[in-house]
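This report refers to the structure that appears directly beneath it.
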Amino acid sequence: MTSLLPTRTVTIGTRVMWAIVLVAGIALVMCGAIVWALGHSSVSADATNRLEHSRDRIRQLAAERQDPSSGQPLEDVSAVLRTHIQRTAEGRGEAELGFVGTDAGTELTWVSSDNVSFRPEEDKELLTRVTSQAAASESVIETVRTPTSTYRVLIVPLQGGSQRGALVHVIDLKVAESQLRRTMAFYAAAAVFTVALVTGLAWFAVERLLRPIEQLRRATESIGEEDLTTRVPVKGRDDLTALAEAVNRMLDRVQTSVEAQRNLLDDVG
């Protein structure tokens, strides 16, 4: 014979606990996504600010045509680029290139000093891209993506007489975002630990909160014709307490009805 009663597979407590864990997990993921987006935007804005500062410095040097250290005049575009690159203190993942030539075209002439570890001239695709733009008439700040990395690039054209040139300032965004990636890795580890902690606390809290339901189930299962006096323990002032009180009142009515029926049968007998 097959039972028509439904088989319990997942308890209410388990479902409530996993709902809490799911909400906590979604909240942590959303917070992480917001932190990453804001951090990425901050890194990009900081790179742009550094490039704009470099653009202002090279334009000022080109206008003054004088070495700030020695006071000697800078005779041509090549000297301006050389002096600027020598005086620039590049950060990690940052370097400058100097292109010099004529209206017919320019070529790479100056690079950052040897103590700069980042060498953008070694990325052939990047070098091809900036070389083609070095003869432009307007300065530009743009993002360049190559198979090697993603860069934030400044190109500032210069002209002095028949000589043309361009300063190219390159920032490797992958290097600039390395601290952000480390921060997000720590955040992910902390989020996993937090979810594990929430799971344990949720299990403990839900078990205590739903304990009156288990007591209610046991009380109702223990009620039979021989014992109608068992009642559900009433503790607290929450909704489950109100439910337990309602069940107890129902049991009182059942007990009264059964006792009245028994008395009637005794009288008839």
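Observations on the structure shown:
- Yes/no for residue 47 being assigned to a helix (DSSP H, G or I) and closer than 30 Å to residue 162 by Cα: no
- For the range 93-112, filtering for residues that are outside any loop (DSSP other than H, G, I, E, B), out of contact with any helix residue (DSSP H, G or I) (no Cβ under 8 Å at 6 or more places or on another chain) and surrounded by fewer than 17 Cβ atoms within 10 Å (Cβ to Cβ) leaves 2.
- Candidates 41, 54 - the one that is surrounded by 15 or more Cβ atoms within 10 Å (Cβ to Cβ), within 26 Å of residue 172 (Cβ to Cβ) and among the small types (Gly, Ala, Ser): 54
- Subset of the range 191-217 (residues that are touching a Ser or Thr at 6+ places or on another chain (Cβ under 9 Å) and over 15 Å from residue 20 (Cα atoms)): 212
- Whichever residue in the range 162-182 is exposed (fewer than 14 other Cβ atoms within 10 Å of the Cβ) and touching a residue at least 40 places away in the same chain (Cβ under 8 Å) and, among such residues, is farthest from residue 116 (Cα to Cα): 162
- The listed residue being among the polar types (S, T, N, Q), out of contact with any strand residue (DSSP E or B) (no Cβ under 9 Å at 6 or more places or on another chain) and surrounded by fewer than 15 Cβ atoms within 10 Å (Cβ to Cβ), out of 72, 60: 60
- Any chance residue 190 is over 29 Å from residue 24 (Cα atoms), surrounded by 10 or more Cβ atoms within 10 Å (Cβ to Cβ) and among the small types (Gly, Ala, Ser): no
- Matching option when the condition is in contact with a strand residue (DSSP E or B) (Cβ under 9 Å, 6 or more places away or on another chain), modelled with pLDDT under 90, charged (D, E, K, R) and surrounded by 14 or more Cβ atoms within 10 Å (Cβ to Cβ), among 138, 90: 90
The values are calculated or read from the model by the stated rules, or taken from the named source; none is laboratory data. Computed from a prediction, not measured in an experiment: that's the story for all the values here. Methodologically, a virtual Cβ is constructed for each residue, glycine included, from the backbone with ideal geometry; neighbour enumeration extends over all protein chains shown.
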